[in-house]
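Visitor: Below you'll find the structure I mean.
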Amino acid sequence: MGPLDLIRHPLIFTGITLPEFIRWYFWEQPSRILRVYFEYLRAFVEIFSFIFLVRTLIAPWRQIADPYQKRGFNLSQFSQTLTLNVVSRIIGLIFRSVTLIFGLAATVALTVFFAAFYMAWLSFPIVFWVGLTYVFSAAF
């Protein structure tokens with residue numbers, strides 16, 4: 001085995017054959033890319049906890065709420081309690097809505113990035129050979 005063998009087949013010393021490389025490039029690595037994407041997606045869902053945010057969307061912020069009086073009716077006390085509870089719920093709604101929007105935007109950005117990466121990975125051999133053909137056709 002001389003230097004000419006290396007020129008003819010550069011992967012000869014690693015023991016990788018062309019069918020093994022094609023299987024790795026078009027089957028194993030894309031499935032690994034998808035696996036990593038779903039792991040990141042699962043982490044984003046856990047970090048932003050979308051279901052919990054939707055379920056508690058109008059809950060009071062930090063559980064700050066006053067209980068209403070059980071006996072008697074005092075308009076001043078009732079309006080003060082109502083105002084605090086409504087303001088606390090509005091603040092909770094604002095913070096949870098912003099978190100939901102930010103989380104959804106991050107999830108969409110993650111999906112777009114992985115889709116672009118996946119398409120670039122799969123289309124690279126075609127782009128490479130078209131570019132190589134273009135370079136050699138322009139050179140000769």
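The values are calculated or read from the model by the stated rules, or taken from the named source; none is laboratory data. These figures come from a predicted structure and were not determined experimentally. Virtual Cβ from ideal backbone geometry, glycine too; neighbours counted across all protein chains shown.
Visitor: Which residue pairs have Cβ atoms under 6 Å apart, sit 6 or more places apart or on different chains, and have a first residue in the range 114-131 that is under 16 Å from Phe38 (Cα atoms) and a second that is in a helix (DSSP H, G or I)?
Guide: So the pair list comes out as Phe114/Tyr37; Tyr118/Ile33.
Visitor: Could you please tell me which pairs satisfy a Cβ distance under 6 Å, a separation of 6+ or placement on different chains, a first residue in the range 22-37 that is within 14 Å of Ala116 (Cβ to Cβ), and a second residue that is assigned to a helix (DSSP H, G or I)?
Guide: Correct list of pairs: Ile33/Tyr118; Tyr37/Phe114.
Visitor: Keeping to the range 80-110, report how many residues are more than 30 Å from Arg35 (Cβ to Cβ) and among the aromatic types (Phe, Trp, Tyr).
Guide: Summing the residues that are more than 30 Å from Arg35 (Cβ to Cβ) and among the aromatic types (Phe, Trp, Tyr) in the range 80-110 gives 1.
Visitor: Could you give every pair whose Cβ atoms fall below 7 Å, whose first residue belongs to the range 77-94 and is within 15 Å of Leu57 (Cβ to Cβ), and whose second residue is β-branched (Val, Ile, Thr) and surrounded by 12 or more Cβ atoms within 10 Å (Cβ to Cβ), counting only separations of at least 6 or pairs across chains?
Guide: Ser88/Ile64
Visitor: For Phe44, work out the one condition from (1) without any contact (Cβ under 8 Å) to a residue 24 or more places away in the chain; (2) in a helix (DSSP H, G or I) it doesn't fulfil.
Guide: (1)
Visitor: Quick one: in the range 1-33, of everything that is of a type in the set (A, V, I, L, M, F, W, C) and exposed (fewer than 12 other Cβ atoms within 10 Å of the Cβ), which residue is modelled with the lowest pLDDT?
Guide: In this case the residue turns out to be Met1.
Visitor: From the list Ala115, Ala138, Ala59, Ala65, pick out the single residue that is modelled with pLDDT under 95, of a type in the set (A, V, I, L, M, F, W, C) and either touching a strand residue (DSSP E or B) at 6+ places or on another chain (Cβ under 6 Å) or within 30 Å of Phe21 (Cβ to Cβ) (or both).
Guide: Ala138
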